[in-house]
Amino acid sequence: MADMASNLSPELEQLRAEIAAAAARMIAEDGADYGTAKRKALELCVGSNRGRSGSFMPDNAQIEDEVRLYNELFFADTQPTRLLHLRRLAAEIMGELAQFRPYLTGAVLNGTAGEHSDIYLHLFVDSPKDVEIFLFNKNVQFELSSSPSLKSGGNNDPVETVSFMYKKEGMHLTLYETDDLRGSIRAASGKRAERADLNAVLALINKEEI
């Protein structure tokens, strides 16, 4: 399928790029999430006259590329060290949580993590209560929230996310069912992997440390 931008006029392609760049700055500088950054960037670049904004709104992949570029331009002296620190902490907690099949996801995995980034893990468990009991026994104070299910169709109730601080960094564990693991870790052809197990994270760390 051709990229949506290929069907846009040069003017709309330029607008789409401007929105992506503005959103990337908010993500890198302020730690905004992608949804919030896109909405604010759209308002900044287009104002109240949005019209059919969906036709030129950049997707997350384009914004991710812009965040990567922004980091290279403005945080080249600090961002790689910050990323390595977060990946090491992710590996530590993944080792502790090995029985729950942890996978790293988000900015710490894709390499765009910055000063305001938290660590996001996907766990695949028989029961969310098992994770809660595990953390309780470790004297970890955590908060509960909900996240979208990986499933499509009718049975897509939200799943539980456990959030807590780990060595002064935000940690978020989204708890999926064991069966959700099938097919969820495969990257589409030509795309970056969206999840990585502990061995893959350690490989990333070793590559950075060389």
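Side notes on the structure shown:
- When each of the peptides 69-78, 170-179, 133-142, 113-122 is scored by how many other beta carbons lie within 10 Å of its residues on average, the order from highest to lowest is 113-122, 170-179, 69-78, 133-142.
- 16, 88, ranked by accessible area, largest first (probe 1.4 Å): 88, 16
- For the chain, the share of DSSP beta bridges that are antiparallel, to the nearest 5, is 70%.
- Here the chain exposes an accessible surface that is 50 percent carbon and sulfur, computed with a 1.4 Å probe and the other protein chains kept in place.
- Crossing angle, helix 10-30 versus the chain [Cα axis fit, 0-90 degrees, rounded to tens]: 40 degrees
- Solvent-accessible area per residue in the chain equals 59 Å², computed with a 1.4 angstrom probe and all protein chains kept.
- In the chain, the longest principal axis of the Cα atoms and the axis of helix 79-96 are about 30 degrees apart.
- Percent of Cα pairs exceeding the 20 Å cut-off, where the set is the chain: 63 percent
- The chain: angle of helix 128-137 to the longest principal axis, Cα-based, in degrees nearest 10: 60 degrees
- Fraction in percent of alpha-carbon pairs per bin - 5 Å, segment 30-151: 2, 8, 15, 18, 16, 14, 12, 8, 5, 2, 0
- The heavy atoms of residue 18 present about 80 square angstrom of accessible area, all protein chains included, probe 1.4 Å.
- Cross-link reach list, aspartates and glutamates versus residue 167, counting only Cα pairs under 17 Å and skipping chain neighbours closer than eight places: 92, 96, 115, 118, 143
The values are calculated or read from the model by the stated rules, or taken from the named source; none is laboratory data. In this text the structure is predicted, and so the values were computed from the model without any measurement. Neighbour counts are summed over all protein chains in view; Cβ atoms, including those assigned to glycine, are modelled from backbone coordinates with ideal geometry. Heads up: the accessible areas ignore ligands, DNA and RNA and are worked out on the full protein's heavy atoms, side chains in. Shrake-Rupley method; radii C 1.70, N 1.55, O 1.52, S 1.80 Å.
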